[in-house]
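Structure first, then comments.
The values are calculated or read from the model by the stated rules, or taken from the named source; none is laboratory data. On a predicted model such as this, the values are computed, not experimentally measured, just so you know. Cβ sites come from the backbone with ideal geometry, for glycine too, and all protein chains shown count toward neighbours. Please note that ligands, DNA and RNA were not included when accessible areas were found on the heavy atoms of the full protein model with its side chains. Shrake-Rupley method; radii C 1.70, N 1.55, O 1.52, S 1.80 Å.
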Protein chains: 2
Amino acid sequence: MSIVKSPARRRRAPEIRRQNPEAVRQDILTVATAEFAENGFSGARVDEIAARTRTSKRMIYYYFGDKEGLFVAVLEAAYARIREIESGLDLAGLPPMEAMRRLAEFTFTYQNDNPDFVRLVMVENIHRGSHLARSAKIQALNVSVLQTLRETYERGVADGVFRPGLDIIDIHMTMSALAFFNVSNRSTFSLIFKHNMGSRTALTRRRQAVAETVLGYLRR
Amino acid sequence: MSIVKSPARRRRAPEIRRQNPEAVRQDILTVATAEFAENGFSGARVDEIAARTRTSKRMIYYYFGDKEGLFVAVLEAAYARIREIESGLDLAGLPPMEAMRRLAEFTFTYQNDNPDFVRLVMVENIHRGSHLARSAKIQALNVSVLQTLRETYERGVADGVFRPGLDIIDIHMTMSALAFFNVSNRSTFSLIFKHNMGSRTALTRRRQAVAETVLGYLRR
DNA sequence: CAGAAAATGTACGGAACTGTTAATTTCGCT
DNA sequence: AGCGAAATTAACAGTTCCGTACATTTTCTG
């Protein structure tokens, strides 16, 4: 899938170059992320992405092959970003209950602050994960989340604060679902129930409720 | 929005007619529902819908104006369907805890059995609810859900089995989120965690976990 | 500095799509 | 029976949009 190699073999004066493949690639990715998140895969326009870029449409096809290739790259980059930040949480130092609350609240806050990520995942699910299926990196990236979760859960069981016998995947799914839905379904939900889910107070309250819900499921 | 009147004024031999506006309308709606759910709004093709219909493309424009009008009609019909079935649940006769469990399990099961509905809602959320915003019916349809939920919750508080002070919307949101996510994010989630969320046993287990989670949040 | 490879700009082909025009058939009513 | 309205058909106009062909410039290698 990667057409371009890392340009680490040139010898000198790397700063003076007029051409800058990596920057061009990144520029395209940034613009494409916004466009795909806003309009979905079919709704996104390659011409529109090209227009908002500092480069031309020709470059999109040069680096990413076609529209689908571009979307795959966008998805990979988005997942890489969230996992990188997520792995920075230091949960091992906290008591299990606190650690779980922290993880739940982080998940909620991150997704709320990064609606583009949520929207990209929605779009990819509409397409039945067909693009993500091509990426080998994805799975490796996400193993760590379960690892952290498992460790925290088992500490909690040993301490007697969590009930035993639960499935790690279930716990993760519950956290993700509650955090995700708050962003993904905000439009229809707010519309139908005339309830502004995006306001500062609503978010604080909901984050609290989500954490409570997760902990309630775990608590002995 | 309704262009066609109910054709109840003809006198005899209604079965022998060659023209049948209501059937044509319904035929279009059924086909369009599948197409929009499968491919999203932008991905859906009017020509494709027309081809799978017993009628022609011109009829789509005749009855629904344009592609957006067709999508609005599809959404309205989908919501009407789910709410109709939902209102058939008789929760007032059950003790509060049982009633809540029943509601949570129904929500889970319905959404699982009707992925097209879930997908249409996803699509509409990608479009920020712009289509649903035109429909006045939608809000009225959903008031009843909150009504039922409120009544059940208050009975539970009076009985001392639910803790007081909770927000009805929060409860509904939690139920919806857990049920919805299980369908909406199945593709990416299953892919990333190599966990088949669609299998019979996984569904039974998860439905149980979802009910537990909701009740855990409510329990005193 | 030459020659190769990488990167980029321009312009356009042609398929895919939405929506329309105009003409025809069927229906409801008196 | 016959008229006006509703329903339906067929063909197509006008865009939009993905992807490419071709040419050119820039950078790298030896």
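Using a 1.4 angstrom probe on protein heavy atoms only, the contact between B and A buries about 4900 square angstrom of accessible area, both sides summed.
On the beta carbon distance between residue B:92 and residue B:200, with R0 = 22 Å, the FRET formula returns roughly 0.10. What the range A:77-218 shows is 41 Å² of accessible area per residue, with the surface traced by a 1.4 Å probe over protein heavy atoms.
Taking the protein heavy atoms of the protein assembly as shown in the context of the full set of protein chains, the accessible area attributed to carbon and sulfur is 50 percent at 1.4 Å. Of all aspartates and glutamates in the structure, the ones whose alpha carbon falls short of 18 Å from that of residue A:57, not counting any fewer than 8 places away in one chain, are A:22, A:27, A:35, A:47, A:48, A:66, A:68. For the range B:92-191, the list of GluC sites (Glu not before Pro) that fall in a loop by DSSP and count at most 16 other C-beta atoms within 10 angstrom is empty. The same position residue B:102 in the other copies lies at 4.4 nm from this copy, comparing label points 7 Å beyond Cα toward the beta-carbon, shortest first.
Label points for residue A:130 are taken 7 Å from Cα along Cα→Cβ. From this copy to the others they lie 2.4 nm apart, shortest first. Residue-normalised convex hull volume from the C-alpha trace of the range B:90-214: 127 Å³ per residue. Inter-label distance, residue B:139 to residue A:158: 5.4 nm, where each label sits 7 Å from its Cα along the C-beta direction. Pairs of Cα atoms nearer than 8 Å and 6+ residues apart set the relative contact order; for chain B it is 21 percent. Rounded to the nearest angstrom and listed largest first, the equivalent-ellipsoid semi-axes of the range B:159-212 from its Cα gyration tensor are 28, 13, 7.
Axis angle, to the nearest 10 degrees, between helix A:115-126 and the longest C-alpha principal axis of chain A: 90 degrees. Relative to the compact-globule estimate of 2.2 N^0.38 Å, the Cα radius of gyration of the protein assembly as shown comes out at 1.10. Legend: distances between Cα atoms for A:194/B:67; A:67/B:67; A:67/A:194; B:67/B:194; pairs beyond 32 Å are A:67/A:194; B:67/B:194.
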